[in-house]
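Here the structure is laid out as structure tokens; the discussion comes afterwards.
Each value in this text was obtained by applying a stated rule to the coordinates, not by laboratory testing. The structure presented is a predicted model; accordingly, all values stated were derived computationally and were not measured. Cβ: placed from backbone, ideal geometry, glycine included. Neighbour counts: every protein chain shown.
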Amino acid sequence: MSPGRSATGHPLVALQPMSFGRPALADRPCLKTVRGAMDTFTLRPLRPEDAARVARHIVAEWGAETVVAHGVLYRPADLPGFVVEADGEIVGLLTYCIAGDACEIVTLDSRRPNCGIGTALIAAAKEAAQRAGCRRLWLITTNDNTYALRFYQKRGFVLAALHRNAVTASRALKPEIPLTGNDGIPIRDEIELEMALPG
């Protein structure tokens, strides 16, 4: 995990989880059009043919094809999710996994902050989770990512757990995780946020 800013300098709303390969909504056509400040974006489910583009996007935004959480290495290009495009370019991406009655957001990023892309991606993930019968939507971020903590809480997520020093195990799998993150804060803890879903 590379919390804070992406390799391209954009703020990351960063998270990670686990995949059991459910292609929820993968065959569904374009979900919606998202209107930003002056742009129009298309949000749709990821398709198998998107895997190479998603892998390149993950490398550009996260510094590698993998992300780590809970001491487990994940490949977001292999997960279900949603993409937001503008003129054929990926400007937002969310990947997730479903295990039992919980849907975990693995990655979420937007190359155009403050345009509603992240909010629209969360709404799409919430809908996918509810269709799959999930009772919980959740994610992990790190202690330095105050931007993500504000972003998610404003969208209905609540703090669920603090996993002290969890990033140490993650660094064993992905040494690229820096020691210091946003605002010079040492990166060491994982913070779990969740949203209850109606049953």
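Please give the net charge around ARG188, taking every other residue with its beta carbon less than 12 angstrom from that of ARG188, where Lys and Arg add +1 and Asp and Glu add -1.
Local charge sum for ARG188: -1.
Name the long-range amide H neighbours of ARG111: under 5 Å, sequence gap of 5 or more, or other chain; modelled H, no Pro or chain starts.
Residues meeting the criterion, in which the H sits 1.01 Å from N, are GLY92.
What order do you get for 78-91, 95-108 when each peptide is scored by the mean count of other beta carbon atoms within 10 Å, highest first?
Top of the packing list down: 95-108, 78-91.
Taking θ = phi - 60°, what integer Hz values does the Karplus form 6.51 cos²θ - 1.76 cosθ + 1.60 yield along the stretch 52-59, in sequence order, with x for Gly and Pro?
Karplus-based 3J(HN,Hα) across the stretch 52-59 equals 5, 5, 5, 4, 5, 5, 4, 4 Hz.
Using θ = phi - 60° and the Karplus curve 6.51 cos²θ - 1.76 cosθ + 1.60, what whole-Hz ³J(HN,Hα) does each residue of the stretch 86-95 get, with Gly and Pro shown as x?
Karplus values, whole Hz, x for Gly and Pro: 9, 6, x, 9, 6, 10, x, 8, 9, 10.
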